[in-house]
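Asks: Questions regarding the structure given below will be posed in turn.
None of the figures in this text is laboratory data; all of them are computed from the coordinates on show. Source: prediction; values computed, not measured. Cβ atoms come from the backbone with ideal geometry, glycine included; neighbour counts cover every protein chain shown.
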């Protein structure tokens, strides 16, 4: 099992780098070429959501992306460090998140669910995680 971990500052410009790294590792892991665009898009949505949550909540810790290459599947975990405090959560300005922001977050999750068959979204006091996985069709390519 090979693992790559990427941490980046919660800035939108770093999402592209995460997408590129995810696609490269997925290709090496043996994910079918026809699925790589879906991997890129799903990682982009998950990372964008994590960046938005960090910035809107005033969290200055990095966004975490873990890419795991198993024998028969490739998994990606995108984690934020924004605690789930329920409906009483506050944004960086001290107010409650707007309905529009909540809808935008749900839209991103809907896009991810449409792209990935195996997806799990969790949140808790330590933050949230989006776990996604794809089957691999070939043996990993060695350098």
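Asks: Fewest to most neighbouring Cβ within 10 Å: what's the order for 80, 118?
Replies: Placing the least packed residue first, the sequence is 118, 80.
Asks: Also, I was wondering about something else. Over segment 26-80, calculate the relative contact order: mean separation of alpha carbon pairs under 8 Å at least 6 apart, over the residue count, as a percent.
Replies: Relative CO of segment 26-80 lands at 36 percent.
Asks: Ranking 14, 54 by Cβ neighbours within 10 Å, fewest first, what do you get?
Replies: Ranked by crowding around the Cβ, least crowded first: 14, 54.
Asks: Tell me the Kirkwood hydrodynamic radius of segment 1-91 in angstroms, computed as one over the mean inverse distance between distinct C-alpha pairs.
Replies: Every distinct Cα pair counted, the radius reaches 13.7 Å.
Asks: Once you put a point 7 Å from the Cα of residue 34 and another 7 Å from the Cα of residue 61, both along the Cβ direction, what distance in nm separates them?
Replies: 4.1 nm
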